[in-house]
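Enquirer: To start, I am sharing the structure in question, which I have written as structure tokens.
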Amino acid sequence: MNRHKRFFEFDGHSMQNRLVIGVTGGIGSGKTAATDRFQTHGITVVDADLASRVIVEPGRPALAAIAEHFGGHLITADGNLDRRALREIVFADPEQRKWLERLTHPLIAQEILAQLQASQSPYTILASPLLLESSQHQMVSRVLVIDVPEAVQVARTITRDDTTEAGVKAIIAAQMAREERLRRADDVICNDQDLAHLHREVDALHETYLELAQSAEQSS
């Protein structure tokens, strides 16, 4: 990709001279371990998965719309969304999944944007498994892919999620192809070694991103 953007503009909102790094990767690649390391350097991490939970919290319009469309049985006794039950419905019915995406994707984007704009760190991380599959890639200045071979993805995810090999491979097949993800990357960390290796790779990129952020600041 190699765009070296110093800003982005999304849906009419500009982030002039603010460096946003998009972090993505396939299941089991170690995205969270990487972003956790960035956080130890004082870098704000905006998590798209967490944003998707915020927009369906009790009292939010999206939760009411989901209950009206799918039925009140999707709301638990404590007023929260039964995410597992909803997931089962939408994965079994592509039309229902499209309906849900039309409702939630713009709201998730708004929540992400608000968090990015509130960030006070030298640069900001946007962590998203769907960064390149969605419009979220328009929100970032550079794309960092955390990459591992498929065999490592499978082994790690089986251990982490107590699932089956077939189940993991089905998820991998539904995600963007590894080759395409790498083609669209500005930076890549190959995370097929130990945690210390990942930390060294993140630390090196952190220094690079600080330099880019300083350059952007000086040009403002």
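The values are calculated or read from the model by the stated rules, or taken from the named source; none is laboratory data. Please read these numbers as outputs of a predicted model, since none were measured by experiment. Here Cβ is always computed from backbone atoms with ideal geometry, including for glycine, and neighbour counts include all displayed protein chains.
Enquirer: Determine, yes or no, whether Ala213 is of a type in the set (Gly, Ala, Ser), out of contact with any Phe, Trp or Tyr (no Cβ under 6 Å at 6 or more places or on another chain) and outside any strand (DSSP E or B).
Expert: No.
Enquirer: Related question: Identify, from the list Leu132, Leu144, the residue that is crowded, with 20+ Cβ neighbours inside 10 Å and under 30 Å from Ala67 (Cα atoms).
Expert: Sole residue among the options that is crowded, with 20+ Cβ neighbours inside 10 Å and under 30 Å from Ala67 (Cα atoms): Leu132.
Enquirer: If you scan the stretch 177-220, which residues turn out to be closer than 30 Å to Pro94 by Cβ and surrounded by 18 or more Cβ atoms within 10 Å (Cβ to Cβ)?
Expert: Arg178, Arg181, Ala185, listed by residue number.
For (1) of a type in the set (Gly, Ala, Ser); (2) in contact with a Pro (Cβ under 7 Å, 6 or more places away or on another chain), each residue gets a yes or a no:
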site	(1), (2)
Ala65	yes, no
Glu68	no, no
Gly72	yes, no
Gly79	yes, yes
Arg83	no, no
Phe91	no, no
Arg102	no, no
His105	no, no
Leu116	no, no
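Enquirer: Being among the polar types (S, T, N, Q) and either part of a strand (DSSP E or B) or closer than 18 Å to Pro122 by Cβ (or both) is the filter here; which residues of the stretch 19-50 pass it?
Expert: Once the filter is applied, which keeps residues that are among the polar types (S, T, N, Q) and either part of a strand (DSSP E or B) or closer than 18 Å to Pro122 by Cβ (or both), the stretch 19-50 yields Thr24, Thr35, Gln39, Thr40, Thr44.
Enquirer: Hey, another quick one. Are there any pairs with C-beta distances below 9 angstrom linking a residue in the stretch 24-38 that is farther than 8 Å from Pro129 by Cα to a residue that is part of a loop (DSSP other than H, G, I, E, B) and of a type in the set (Val, Ile, Thr), with the two at least 6 apart or on different chains, and if so which?
Expert: Partner pairs satisfying both residue conditions: Gly28/Val148; Ser29/Val148; Gly30/Val148; Thr35/Ile43.
Enquirer: Next question. Just checking, how many residues over the stretch 138-168 are in a helix (DSSP H, G or I) and of a type outside the set (Asp, Glu)?
Expert: Residues in the stretch 138-168 being in a helix (DSSP H, G or I) and of a type outside the set (Asp, Glu): 15 in total.
Enquirer: Look at the stretch 111-135 and say how many of its residues are part of a helix (DSSP H, G or I) and touching a strand residue (DSSP E or B) at 6+ places or on another chain (Cβ under 7 Å).
Expert: Qualifying residue count for the region: 4.
Enquirer: Would you mention how many residues in the stretch 81-104 are surrounded by 11 or more Cβ atoms within 10 Å (Cβ to Cβ) and either under 22 Å from Val46 (Cβ atoms) or aliphatic (A, V, I, L, M) (or both)?
Expert: Here the count works out to 10.
Enquirer: Of (1) surrounded by fewer than 16 Cβ atoms within 10 Å (Cβ to Cβ); (2) outside the structural domain of Ile189 (by TED's automatic domain parsing), Leu107 satisfies all except one. Which?
Expert: (1) is the only condition that Leu107 fails.
Enquirer: Next up: Out of all the residues in the stretch 179-204, which are touching a strand residue (DSSP E or B) at 6+ places or on another chain (Cβ under 7 Å) and closer than 16 Å to Leu131 by Cβ?
Expert: Arg181, Leu182, Arg184, Ala185, Asp186, Asp187, Val188, Ile189
Enquirer: Separate question: I need the full set of residues from the stretch 35-53 which are surrounded by fewer than 16 Cβ atoms within 10 Å (Cβ to Cβ) and at pLDDT below 95, in order please.
Expert: The answer is Asp49, Leu50, Arg53.
Enquirer: Cβ-Cβ distance below 6 Å, separation of 6 or more or different chains: which pairs start in the stretch 129-158 with a residue that is of a type in the set (Asp, Glu) and end on one that is surrounded by fewer than 23 Cβ atoms within 10 Å (Cβ to Cβ)?
Expert: Here the result reads Glu133/Met176; Asp147/Val188; Asp147/Cys190, each pair linking the stretch 129-158 to a residue that is surrounded by fewer than 23 Cβ atoms within 10 Å (Cβ to Cβ).
Enquirer: Restricting attention to the stretch 180-198, report how many residues are part of a helix (DSSP H, G or I) and more than 14 Å from Ser29 (Cα to Cα).
Expert: The qualifying residues number 3.
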